[in-house]
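Colleague: Once you've had a glance at the structure underneath, I'll fire off some questions.
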Amino acid sequence: MGRPDPEEGQLPAPVKPPDGGWGWIVLLGCFVITGFSYAFPKAVSVYFKELMKDFHVGYSDTAWISSIMLAMLYGTGPVCSIMVNQFGCRPVMLIGGLLASAGMILASFTTNIIELYLTAGVLTGLGMALNFQPSLIMLGTYFDKRRPLANGLAAAGSPVFLSCLSPLGQVLLQKFGWRGGFLIMGGLLLNCCTCGAVMRPLDMGMKRKMGKAQDKYEAKEMLPIGGKSEEGISTTDGTKKGKKAKKKPKKGKKLLDFSIFKNRGFIIYTISKFILVLGLFVPPILLVNYAKDTGVPDTEAAFLLSIIGFIDIFARPACGMVAGLKWVRPHVAYLFSFSMLFNGLTDICSARASNYTGLVIFCVFFGISYGMVGALQFEVLMAIVGSQKFSSAIGLVLLIEAFAVLIGPPSAGRLVDALKNYEVIFYLAGSEVVLSALFLGVASYCCLNRGKKEPPPENNPSAGGGSDTEEAESDVQEAEEHSSNNHQPARSTDNALGAANEEANHVAEEQSGEGGGCPAGDGEVLARDGCNTDQMVERDSF
């Protein structure tokens with residue numbers, strides 16, 4: 001009786017991000033998911049020598065396990081987007097955690113390398129993909145003002161888990177063999193289900209708050225009130241509900257929103273990320289072999305990657321804090337461009353390093369720049385497309401990056417085999433990263449200047465990701481005002497009837513003063529010119 005009903009469209013689902021509260025638990029879950037997604041394919045490499053002995057295969061054959069995991073992580077982006085838009089983040093993450101764990105458990109019982117590709121590669125890779133993308137979506141849902149810091153902290157999970165999973169894998173290999181290690185690793189991946197369980201949708205909190213407000217309204221309705229007045233109020237309530245229902249019809253939700261390709265900023269970001277990925281991962285992959293060729297001992301050469309990981313742990317949260325500053329955040333795309341330029345110049349300047357000291361200096365600066373890129377890449381994408389379209393945008397971006405991942409490092413390896421010279425590879429990789437930085441900076445600047453000259457669109461609900469939230473908040477406010485006005489306890493039936501009659505007379509005077517009311521039959525055309533047919537219905541009902 002006059003109570004807002006969420007099922008009838010009165011209470012929209014979008015809610016303003018809380019920037020804290022339960023969001024910190026969501027951030028912790030995203031930290032764990034990011035660590036497993038990026039570090040696990042690299043940590044599995046400690047088992048490759050034992051796999052080569054048991055299955056009588058070469059190193060390139062076992063390396064395909066990690067490659068398949070990464071290909072599934074990037075290439076299944078659109079599939080993840082469709083599932084998230086259809087079922088929500090929490091169910092998808094729970095299924096992904098089960099698939100990732102089942103893949104490693106089944107891999108411990110395999111008898112040939114092909115079965116390993118299907119279990120540890122395809123199944124585990126798909127499970128991690130179904131966890132990684134929804135966790136980033138939920139992070140953007142819970143954080144707005146503190147989102148750069150949240151992205152930086154979540155991205156730090158990659159180096160932290162890499163520094164933990166690799167030594168753990170070595171210990172498990174020595175004590176339980178590769179089969180026991182895979183089995184225990186599969187049990188660890190069940191923690192992804194725990195992370196998925198804490199991804200509570202924000203609309204649940206909204207419904208709880210509105211439920212408390214509705215209880216207050218019901219308490220007011222239980223006060224004694226005249227039957228005719230109650231009938232008049234409910235009639236007015238019903239007409240306004242009918243008006244809102246006509247004004248805002250329900251729209252079907254898109255499984256994958258391709259309209260983001262109309263966003264020039266998204267196109268610029270996608271092209272720059274494709275060029276970036278061609279050269280970003282090449283130096284850390286070839287670094288150890290490059291150091292060995294210059295005469296560095298094996299243990300010291302392996303320690304170079306640890307230096308990059310240690311610097312990366314602190315660089316990502318620090319960069320997130322800087323990106324969250326008021327005078328930096330509006331220009332976060334240029335900060336991202338600077339981080340890529342920094343990384344590319346580091347590769348170029350360190351290409352001729354011929355001793356261990358030079359390589360250590362390279363690792364320090366590469367760790368800083370690599371951490372900056374990792375902390376800002378998804379923050380920039382969220383800023384471009386908004387939280388409403390982020391689920392579709394990240395899926396399409398990861399799919400495009402998958403092609404770059406399959407092109408960049410393998411091509412660099414073939415060039416090394418052909419030229420026997422790492423210096424050229426570092427120059428080439430650094431040039432690709434610098435090119436992506438210049439393209440993003442220049443194109444964003446030109447696009448920004450062009451956007452300033454264009455007049456802002458008027459009342460375009462499809463532009464941007466915040467219009468739905470603003471409209472939802474206005475509807476909630478209107479519903480609260482309407483409920484507070486129509487549920488005040490009346491002292492007597494005569495007072496209620498008198499108020500209703502005064503409202504009807506006031507409406508009639510306004511209609512007569514505006515020029516003669518509405519002729520029958522003109523309908524919608526006259527309603528657009530300023531004649532409100534709903535007011536006539538309210539007057540007749542009274």
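Colleague: Is it true that Gly279 is modelled with pLDDT under 90, under 16 Å from Gln377 (Cβ atoms) and in the same structural domain as Val373 (by the TED database)? Quick ask: steps written out before the conclusion?
Modeller: Working: modelled with pLDDT under 90: yes; under 16 Å from Gln377 (Cβ atoms): yes; in the same structural domain as Val373 (by the TED database): yes.
So Gly279 fits the description; yes.
Colleague: Is it true that Ala393 is of a type in the set (A, V, I, L, M, F, W, C) and assigned to a loop (DSSP other than H, G, I, E, B)?
Modeller: When the stated conditions are applied, Ala393 does not pass them.
Colleague: Follow-up question, since we're still on this one. Applying the selection to segment 307-324, what residues are closer than 23 Å to Pro410 by Cα and out of contact with any Cys (no Cβ under 9 Å at 6 or more places or on another chain)?
Modeller: Across segment 307-324, the qualifying residue is only Gly309.
Colleague: Which condition does Ile137 not pass, out of (1) crowded, with 17+ Cβ neighbours inside 10 Å; (2) of a type in the set (A, V, I, L, M); (3) more than 12 Å from the chain's Cα centre (by Cα), if it passes all the others?
Modeller: (3)
Colleague: A further question follows. At least 3 residues that are of a type in the set (Phe, Trp, Tyr) and farther than 24 Å from Lys389 by Cα in each: list the helices (runs of 4 or more DSSP H) lying fully within segment 257-345 that qualify.
Modeller: 298-323
Colleague: Let me ask another. For segment 40-67, what are the residues that are of a type in the set (A, V, I, L, M, F, W, C) and within 23 Å of the chain's Cα centre (by Cα)?
Modeller: Phe40 - this is the single residue of segment 40-67 that is of a type in the set (A, V, I, L, M, F, W, C) and within 23 Å of the chain's Cα centre (by Cα).
Colleague: Give me a count of the residues in segment 393-443 that are open to solvent by 30 Å² or more (accessible area, probe 1.4 Å), among the hydrophobic types (A, V, I, L, M, F, W, C) and modelled with pLDDT of 85 or more.
Modeller: Summing the residues that are open to solvent by 30 Å² or more (accessible area, probe 1.4 Å), among the hydrophobic types (A, V, I, L, M, F, W, C) and modelled with pLDDT of 85 or more in segment 393-443 gives 9.
Colleague: Is there a residue being among the small types (Gly, Ala, Ser) and at pLDDT 80 or above anywhere in segment 231-239?
Modeller: So far as segment 231-239 goes, no, none of its residues is among the small types (Gly, Ala, Ser) and at pLDDT 80 or above.
Colleague: Let me ask you something else. Quick one: is Leu28 surrounded by fewer than 16 Cβ atoms within 10 Å (Cβ to Cβ) and more than 16 Å from Ser166 (Cα to Cα)?
Modeller: Judged against the criteria, Leu28 is a match.
Colleague: Another one. Taking Thr111 as the residue in question, decide whether it is open to solvent by less than 20 Å² (accessible area, probe 1.4 Å) and not aromatic (Phe, Trp, Tyr).
Modeller: no
Colleague: Under 9 Å between Cβ atoms, at least 6 apart or on separate chains: pull out the pairs that start in segment 158-183 with a residue that is part of a helix (DSSP H, G or I) and end on any residue that is of a type in the set (Gly, Ala, Ser) and surrounded by fewer than 19 Cβ atoms within 10 Å (Cβ to Cβ).
Modeller: That search, which allows pairs on different chains as well, returns Ser163/Ser306; Ser166/Ser45; Gly169/Ser45; Leu172/Gly180; Leu173/Gly180.
The values are calculated or read from the model by the stated rules, or taken from the named source; none is laboratory data. Worth saying up front: this structure is predicted, and the values here are computed from it rather than measured. Here the Cβ is made from the backbone with ideal geometry for all residues, glycine too, and neighbour counts use every protein chain on show. The accessibility values were calculated without ligands, DNA or RNA, using every heavy atom of the protein model including side chains. Shrake-Rupley method; radii C 1.70, N 1.55, O 1.52, S 1.80 Å.
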